[in-house]
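**Student:** Pasting a structure here, questions to come.
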Amino acid sequence: MSTPNLRNFLNGIFLCLLLPLPVLAQEYQVKHLEPANWWVGMKYNQVELMVHGDNIGAAQAAIDYAGVSVVHTEKADSANYLFVTINIDANAKPGKFPIRFLVGGQEKSRHDYELHAREKNSASRQGFSAKDAIYLITPDRFANGNPANDAMPGLSEQPKRDFKGGRHGGDIAGMTQHLDYIASMGFTQVWPNPLTENNQPEYSYHGYAATNLYLIDARYGTNEEFKNFVHKAKQKNLGVIQDIVLNHIGSKHWWMADLPEKDWLNFPEKYTETTHRRTVIQDPYAAPADKELFVSGWFVTSMPDLNQRNPHMANYLIQNTLWWIEFAGLSGVREDTYGYADEKFLSRWAKAVMEEYPNFTMVGEEWSGNPAIVAHWQKGKQNPNGHTPYITSMMDFPIHDALRQALSEEESGGTGVIRLYETLANDFLYPDPFNLVIFPENHDTSRIYSVLNEDVDLFKMAMVYMATMRGIPQFYYGSEVLMTSPKERDDGAVRADMPGGWQGDSKNAFSGKGLSAKEKDAQQFIKSLFSWRKKSDVIHLGKLMHFAPVDGVYVYFRYLDNKKVMVVLNKNKQEKTLALQRFDSLLAGTQSARDVLTNKKITFGSALQLPAKSSLVLELQ
């Protein structure tokens, strides 16, 4: 061999030694396998595993474990994904076993998988109901229990407490430390905004742009810390509701570097925004293109829209919900941007959850003031378009809107408290209006106290309505100490830090330090009101009758067997005399009542004197 040829030959060998080995070392190795575990004894016993790794799509999966078998493997459009469906028989036992990945009959890699035992009575767990009152928390803004996790390796956004759109450091440890406070205020459920990883470059604190759907954001804690939080909450007689997003992910989700399939997202190649036209789902005259754009368009540029019509995507999302319920021991799920996802998928998703947990509760967010739009989604609704819903509850935005208008505008024949009366009259549209979640505010709306021009009397009236009206009341953290916001939407201001949640805060809602007399009074009012509600079965289970408002006074009753509660709301700026004759059908034989708000006895005559801007909650005797 000539010298040049020998040199080329040796160089070739040298390059072969240097280059292929690192590539081969990575080939077929599993980078992600989701869900990473499952449970024996689940009704949902055929689980589709998403496997991700370089060229893993060329492999076949094999399992040698009693009671577990591979049903089939399916390639994705990307060579780096493989979908493996496994069947878990009734006789399968908890344990760990390898999933082997074979190419040409030869094992190229393996990945350990584990089956867990379910907690006792897991399938029969009780969801939340009208017996409950929900405390909604934005975790990043509630309490910083562990400053050491404010900045974490691999997560791009750093803490910046002086920026209202930035990370402030609240975490699971902070919520855990204040479970006693939440329970003492009379609440029975905790709903944190999403805790899953949001590794976005900015505005990641809100949690609605997930970059890993199976992982708690490290700035909040770990999966085990979340599970422990749920466990400790149960010890305080508090259930935990997880916020789940089916419609979209964050733009920095690890999928985005290599999508499993071409139709994994809607409009994957060019950003196309949703129209937000919620009516098109039911509108008999809606153009198909308008409906498609509403469902398939992206929410915002940083939130790619998921295509639930892809069967693998649908399986992934259903399993993810089931996994979190079983793993953490949840009592409920709140599902974000409900109507934006594919309608058929939503039916399948909710049905799968309710089949696994028949007594569970899920509430969907359909942000519409039109009760016909909201009612479309609730379990039991007979829809003209044939959609069969299975989700048990919806957020009652019609009541939310009516309450804010009723208490903030002047009284007239068509404005003021008449809005509450007429909105409630639409309850015939709902299959189960008593299972709707009612709320005066949330993380996306201005603070009710600010909407009411910081009028404490009207604020208390709103709280009385929430505590005594049909449905499941949801309260937003910090309102008990009269937190404020601009009247127009300002997310960072609405989601301000809870006073006392950070070391060195001059004001502390948890201890009372630094609170004004007005703030302390409001806090005690909420505590007394919701502590009473917690023990009041007539509010939990009772029927409702309301009377048309007259001259700015609205009266309604809750009644159960021989128990009755009369609620009177006088919105007027002056004292009113309320004649009682028109309420004889429910007041007959009543001589006195206990005023729940003052604990004073009231003797009934022909009329009641109502102080200006006052609320009465009367237990009839």
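The values are calculated or read from the model by the stated rules, or taken from the named source; none is laboratory data. Just so you know, these numbers come straight off a predicted model, no measurement behind them. So basically every Cβ, Gly included, is an ideal-geometry build from the backbone, and we count neighbours across all protein chains shown. The protein model used for the area step is the full one, side chains on, heavy atoms only, and it has no ligands, DNA or RNA in it. Shrake-Rupley method; radii C 1.70, N 1.55, O 1.52, S 1.80 Å.
**Student:** Looking at the chain only, what percent of DSSP beta bridges run antiparallel? Nearest 5 please.
**Tutor:** Just about 70 percent of them are antiparallel.
**Student:** On to the next question. Among the lysines, which have Cα under 16 Å from the Cα of Lys460 when same-chain residues fewer than 8 positions away are ignored?
**Tutor:** Result set, ordered by chain and number: Lys518, Lys520, Lys527, Lys571, Lys573, Lys613.
**Student:** Could you tell me what a quarter of the Cα convex hull surface of the chain works out to, in nm² with one decimal place?
**Tutor:** 34.3
**Student:** Taking only protein heavy atoms into account and a 1.4 Å probe, give the accessible area per residue of region 377-485 in Å².
**Tutor:** Value returned for region 377-485: 28 Å² of accessible area per residue.
**Student:** Cβ under 12 Å from Leu586's Cβ, Leu586 left aside: what net charge do those residues give with Lys, Arg +1 and Asp, Glu -1?
**Tutor:** The answer is +4.
**Student:** Now a separate question. Leaving out same-chain residues fewer than 8 places away, which lysines sit with a Cα under 18 Å from that of Lys120?
**Tutor:** By straight Cα distance, Lys120 reaches Lys43, Lys93, Lys227, Lys232, Lys234.
**Student:** Now for a separate question. Given axes a ≥ b ≥ c from the Cα gyration tensor, I'd like to know whether region 76-215 is rounded (a/c under 1.5), prolate (a/b larger than b/c) or oblate.
**Tutor:** Oblate is the answer for region 76-215, as a/c is 1.5 or above yet b/c matches or exceeds a/b.
**Student:** Compute the separation of the alpha-carbon centres of region 411-455 and region 34-49 and state it in Å as a whole number.
**Tutor:** About 41 Å separates the Cα centre of region 411-455 from the one of region 34-49.
**Student:** Here's something else I'd like to know. Taking 4 °C and 1.567 mPa s as the conditions, I'd like the Stokes-Einstein D for region 415-569 in µm²/s, using the Kirkwood hydrodynamic radius from alpha carbon pairs.
**Tutor:** Answer from the Stokes-Einstein relation: 76 µm²/s.
**Student:** For the chain, which whole percent of the accessible surface, found with a 1.4 angstrom probe, sits on carbon and sulfur atoms?
**Tutor:** 51
**Student:** Specify the angular offset, from 0 to 90 degrees and rounded to the nearest 10, of the alpha carbon long axis of helix 456-468 from the longest principal axis of the alpha carbons in the chain.
**Tutor:** Taking Cα atoms only, the helix is inclined about 70 degrees.
**Student:** Once the convex hull of the alpha carbons of region 231-286 is built, what does its volume come to per residue, in cubic angstrom?
**Tutor:** Spread over its residues, the Cα hull of region 231-286 gives 180 Å³ apiece.
**Student:** Near Lys31, which lysines are there with a Cα under 19 Å away, not counting those fewer than 8 places off in the same chain?
**Tutor:** Hits, sequence-local ones excluded: Lys75, Lys96, Lys108, Lys252.
**Student:** By its C-alpha gyration tensor, with a ≥ b ≥ c as the square roots of the eigenvalues, how is region 232-375 shaped: rounded for a/c under 1.5, else prolate for a/b larger than b/c, else oblate?
**Tutor:** Oblate.
**Student:** Please identify the trypsin sites (Lys or Arg not before Pro) of region 448-494 that satisfy two criteria: DSSP loop assignment and at most 14 other Cβ atoms within 10 Å. Which are they?
**Tutor:** Listed in order of number, the matching sites are Lys487, Arg489.
**Student:** Ok, one more. Given the peptides 203-212, 375-384, arrange them by the average over their residues of other C-beta atoms within 10 Å, most packed first.
**Tutor:** 203-212, 375-384
**Student:** Measure out, as a whole number of angstrom, how far apart the alpha-carbon centroids of region 84-111 and region 361-403 sit.
**Tutor:** 42
**Student:** Over the chain, what is the mean sequence separation of C-alpha contacts under 8 Å (at least six apart), divided by residue count, expressed as relative contact order in percent?
**Tutor:** 11
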